[in-house]
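The structure under discussion appears below in the form of structure tokens.
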Amino acid sequence: MKILKLTLLLTLLAVPAFAGDIKSGDELIAAMHKKYANKWYKTLTFVQKTIHHQPDGTSTSEIWNEAMTCPGKLRIDFAESKAGDGILFADGKISSFKDGKGGPARPFVHPLLVLGFDVYCQGPETTIAQVKGLGIDLKAIHSDKWQGKDVYVVGAKQGDVTTPQFWVDKKNLLFVRLLQTAGRDKKSIAETQFNKYVKAKGGWVAAEVKFYVDGKPTTSEEYSDIQADIKLDAELWNPEKWFTVDKNYFVKK
């Protein structure tokens, strides 16, 4: 077993020297990790304006305060909630907190954490397993254009925008787009875009995130007060301490 793991690791580390040599999603994930290995920030905080788009064209908005530890941990505090409502993603689970109570945790691997952040700060073999768990075929890869830039598309053939897939900017190897099936019958297409990247201490942050279902906007996120690699209390990701831990993590100290 140890020999097999070592062989897999060596294979993943044998990243093609040139971007044009990348022939699979496995190789792309390894290249994304290698480009930012030991450089990407470990913690991140930001204030998020969350805009909900209604079918009639109107919208509402709210403010969320968010903290992240890479890999795999994200805390969302609903800033306008007096009861301390929020959501916690940690250790492959999601927990919700409302009206002073925490609901039961359930298994959930956040695809945007994996592709937008964790891929750069965890072993490629872990990311590969998680992406496969999303139903994305890592053997299928092609080149395309996205917002005027050259990108890799993993999970589908040229022209196919209905099969689960993710898109990565070739120049900086940053995740820019995810397409997944949605709805009870899996006949709808959910799209997520990571836009307006800004630099953040050895890495990057998409300051705008947009969500669509069947081409119609559902939610937009706008990030401000972005702070990378600041010290965070480990108890922020302890569901038992949700209502008691100091929540002023988004204030620079």
Single residue of region 10-45 satisfying the filter (farther than 25 Å from VAL151 by Cβ and modelled with pLDDT of 50 or more) that is farthest from the chain's Cα centre (by Cα): ASN38
Strands (runs of 3 or more DSSP E) wholly inside region 176-253 containing at least 3 residues that are over 25 Å from TYR41 (Cβ atoms) and out of contact with any His (no Cβ under 8 Å at 6 or more places or on another chain): 188-200
Test: VAL154 is in contact with a Leu (Cβ under 9 Å, 6 or more places away or on another chain), at pLDDT 95 or above and surrounded by fewer than 16 Cβ atoms within 10 Å (Cβ to Cβ): no
Among the residues listed as GLU62, GLU66, the single one being part of a strand (DSSP E or B), among the acidic types (Asp, Glu) and crowded, with 19+ Cβ neighbours inside 10 Å: GLU66
Filtered residue count, region 91-122, keeping only those that are surrounded by 15 or more Cβ atoms within 10 Å (Cβ to Cβ) and either more than 18 Å from the chain's Cα centre (by Cα) or part of a loop (DSSP other than H, G, I, E, B) (or both): 9
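The values are calculated or read from the model by the stated rules, or taken from the named source; none is laboratory data. Just so it is clear, the structure is predicted and the values come from calculations on it, not from any experiment. All Cβ positions, glycine included, derive from the backbone under ideal geometry; neighbour counts span all protein chains shown.
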